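Worksheet: the structure to be examined is printed underneath.
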Amino acid sequence: MSLKDAVAIFAGAVIVVALANGTDTTAPATAASPLGNTSGTLPGLAPITSHQDKDRARAIIARLKVKGRGPSTGYHRGRYGENWADTATGVPYARNGCRTRDDLLARDGRNVRYREGSTCEVIAMDLDDPYTGQRIGWSKRDAGAVQVDHVVPLAYAWRMGASRWGGGKRVDFANDPLNLLPVKGTANEQKDASGPASWLPPQRRVRCAYVTRFAQVAVKYAVPVTRADKKAMLAQCR
């Protein structure tokens with residue numbers, strides 16, 4: 001992890017004091033606007049509301065290239081590396097000794113609790129779900145209640161050109177915190193591999209922020225979007 005990323009995590013996420021019983025006392029995580037979170041190391045997804053910021057968001061979306069979806073031939077999750085393994089090399093949190101899912105739960109969770117003896121494995125937390133606006137009290141006993149969403153879905157990216165990427169780029173894409181948000185599990189399942197023309201967060205106030213985050217990831221990895229998706233994205237930030 002670079003010094004820049006470490007400072008961002010300290011400043012924007014949480015200050016953790018480890019206790020002997022495995023519980024961490026965590027300052028509330030404050031959701032960050034995607035416009036000020038280009039590394040993805042700050043928590044959550046704060047709404048974009050001002051006209052000036054919406055103009056900035058639309059400028060990012062306008063950079064997206066447009067193409068039709070290709071086939072899903074050959075796609076499976078393993079094409080992006082082992083699920084949540086700490087094997088990426090070119091993104092924040094890479095090879096820090098913790099699984100990517102735990103990194104993201106710790107980034108966005110409040111009142112984070114770790115397995116006793118571990119500084120990585122998150123076993124309980126509270127999450128302010130950016131997609132639904134609900135506060136979720138989560139524990140590992142019901143692991144699927146919170147899922148880590150790929151903002152630009154892996155299957156979507158595959159059909160838009162990731163099938164031709166090298167393996168290292170795909171592993172980075174799947175583990176880049178810019179492309180990852182812990183959210184309510186049912187919302188993530190409803191989204192599936194949809195682009196913004198087919199699915200948007202139920203919480204309307206974050207929709208401009210969501211499509212901006214989608215655009216940031218797509219620009220970073222040169223993933224084109226469909227014409228319908230780009231039109232839907234621009235419409236959310238009017």
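Please state the equivalent ellipsoid semi-axes for the stretch 139-238: what are the square roots of 5 times the Cα gyration tensor eigenvalues, largest first, in whole Å?
Details: eigenvalues 86, 74, 24 Å².
Semi-axes from the Cα gyration tensor: 21, 19, 11 Å.
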The stretch 92-174 - charge dipole about Cα centre, Lys and Arg +1 at Cβ, Asp and Glu -1, debye rounded to 20: 340
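Using square roots of five times the C-alpha gyration tensor eigenvalues, list the equivalent-ellipsoid semi-axes of the stretch 108-186 in whole Å, biggest first. Kindly include the intermediate steps, with their values, before the conclusion.
Working: eigenvalues 153, 50, 17 Å².
Values for the stretch 108-186, descending: 28, 16, 9 Å.
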If amide H atoms are modeled at 1.01 Å from N in the peptide plane, then the residues at a separation of 5 or more from D149, or on another chain, having amide H under 5 Å from its own are L181, V183
Please list, or write none, the lysines whose alpha carbon is within less than 16 Å of the alpha carbon of K231, excluding same-chain residues fewer than 8 places away. K54, K65, K67
Straight-line reach from K191: which aspartates and glutamates have a Cα under 17 Å away, not including same-chain ones fewer than 8 places off? D129, D149, D229
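Sort 174-180, 56-62 by the packing proxy (mean of other Cβ within 10 Å over each peptide's residues), most packed first.
Numbers: 174-180: 25.0, 56-62: 18.4.
Ranking, from highest mean packing down: 174-180, 56-62.
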About its Cα centre, what dipole magnitude does the chain give when the only charges are +1 on Lys and Arg Cβ and -1 on Asp and Glu Cβ, stated in debye to the nearest 20? 1200
Heavy atoms only, probe 1.4 angstrom, no DNA, RNA or ligands counted: give me E82, E121 ranked by accessible area, highest first. E82, E121
For the stretch 185-190, in residue order, the Karplus 3J(HN,Hα) values (coefficients 6.51, -1.76, 1.60; θ = phi - 60°; whole Hz; Gly and Pro = x) are x, 5, 5, 4, 5, 5
Rank T186, P201, V146 by how far each Cα sits towards the positive end of the charge dipole of the stretch 118-230 (+1 on Lys, Arg Cβ; -1 on Asp, Glu Cβ) and give me just the farthest. P201
Roughly how big is the stretch 145-208's charge dipole about its Cα centre, with Cβ charges of +1 (Lys, Arg) and -1 (Asp, Glu), in debye to the nearest 20? 200
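Can I get the semi-axes of the chain's equivalent ellipsoid? Compute them from the C-alpha gyration tensor as square roots of 5 times the eigenvalues, in angstrom, largest first. Present the calculation step by step, with values, prior to reporting the outcome.
Details: eigenvalues 157, 84, 53 Å².
Equivalent ellipsoid of the chain: 28, 20, 16 Å, largest first.
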Top of V211, V146, V219 by mean-square fluctuation, Gaussian network on the chain, Cα under 10 Å: V219
For helix 51-62, report the angle its Cα long axis makes with the longest principal axis of the Cα atoms of the chain; keep it between 0 and 90° and round to the nearest 10°. 70
Output the 0 to 90 degree angle, nearest 10, between the alpha-carbon long axis of helix 227-236 and the longest principal axis computed from the alpha carbons of the chain. 60
Given bins 10 angstrom wide, list per bin the percent of all Cα-Cα distances in the stretch 62-159, short to long. 13, 36, 33, 15, 3
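Go through 164-173, 91-100 and give me the packing order, highest mean Cβ count within 10 Å leading.
Working: 164-173: 16.3, 91-100: 18.8.
Final packing ranking: 91-100, 164-173.
The values are calculated or read from the model by the stated rules, or taken from the named source; none is laboratory data. Bear in mind that the values here come from a model prediction, so they are computed numbers and not experimental data. Cβ atoms come from the backbone with ideal geometry, glycine included; neighbour counts cover every protein chain shown. Only protein heavy atoms, including side chains, enter the accessible area calculation; ligands, DNA and RNA are left aside. Shrake-Rupley method; radii C 1.70, N 1.55, O 1.52, S 1.80 Å.
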